[in-house]
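Participant: First the structure, which I've put down as structure tokens, then a few questions once you've had a look.
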Amino acid sequence: MKKWILPLFCLFQIHLFAQDSTKVRLNPLRNGGIFGSVEYSVLRLDYAPFVLDTLGTMGRISVKNGVSLSAGIFYKKKIANWLIIRPALGASFSTGRLAYDLNKLREVYYDIHPLTANLQLHFMIPAGYLRNRMPEPDVIRGFTPIIGPSVFIPVEQIPTIHPEVKNYDVHLDFGFGYQWENKQMKSHIDMIYSLGLVNLIGVKDDVYTNPVQSLYRDSFSIRYYFH
């Protein structure tokens, strides 16, 4: 009988290890998913009056704000009882543009970063932690505060040389979301205000770039994350 004890014990340990390995492989997949968002982008413009010709005609610059769309993939990881991190990678299509009024005869439009790749890193406090108690093991729901940076890199550059804008943008995202999670599904709806931190205008010496003293892009978005 003793000669069977060691082989049986080894088989039992292998079985347990196989179960644990399966859990390790499957759980990370459950924490990932896709997201989509609808945003309203706002360009913050500050410019100085400029002269168009020898007659002293003054030119004007205005902004045309609009709706933006984005989508991508994300991964969510709980690193402490009070903290969740959520990196995400996506693409955004924006309709924000500058409009140059040239002697009131015509307007010239220039899109500002119309198509970008973006990387987000959000920090969240779990809903159950804010209620000063751990939620039920089978259902988690509630509001979560969110904050973190996001970086935008233009995929499609402006097809003209004017005005010159930087080839990157950095935002600070903050807001709150509503978390819903049970054994069948996970989802998260966020309301985020994204504050632009980078002055997008370049330093080129021309009539289109020089008058613009600062140009920032902000946005308000509703985002849906689905596992």
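Values in this text are rule-based calculations from the coordinates and carry no lab data. Here the structure is a predicted model, which is why all the values come from computation and not from measurement. When we count neighbours, we look across all protein chains shown, and the Cβ atoms used for this are built from the backbone with ideal geometry, even at glycine.
Participant: For an R0 of 25 angstrom, estimate the FRET efficiency from the Cβ-Cβ distance between TRP180 and TYR40 and round to the nearest 0.05. Intermediate results must be reported in sequence, preceding the final value.
Facilitator: Numbers: r = 25 Å, r/R0 = 0.99.
Step by step, r from the Cβ atoms, then E = 0.50.
Participant: May I pose another question? P(r) tail for region 57-125, what percent of Cα pairs lie past 21 Å? Provide the component values of the computation, followed by the final result.
Facilitator: Working: 1192 of 2346 pairs.
Of all Cα-Cα distances in region 57-125, 51 percent exceed 21 Å.
Participant: Would you mind getting me the FRET efficiency between VAL151 and SER187? Use the beta-carbon distance for r and R0 = 25 Å, nearest 0.05. Could you put the intermediate results ahead of the total?
Facilitator: Working: r = 25 Å, r/R0 = 1.01.
Step by step, r from the Cβ atoms, then E = 0.50.
Participant: Arrange the following residues from fewest to most other Cβ atoms within 10 Å of their Cβ: LYS204, LYS186.
Facilitator: Numbers: LYS204 13, LYS186 17.
Going from sparsest to densest Cβ surroundings: LYS204, LYS186.
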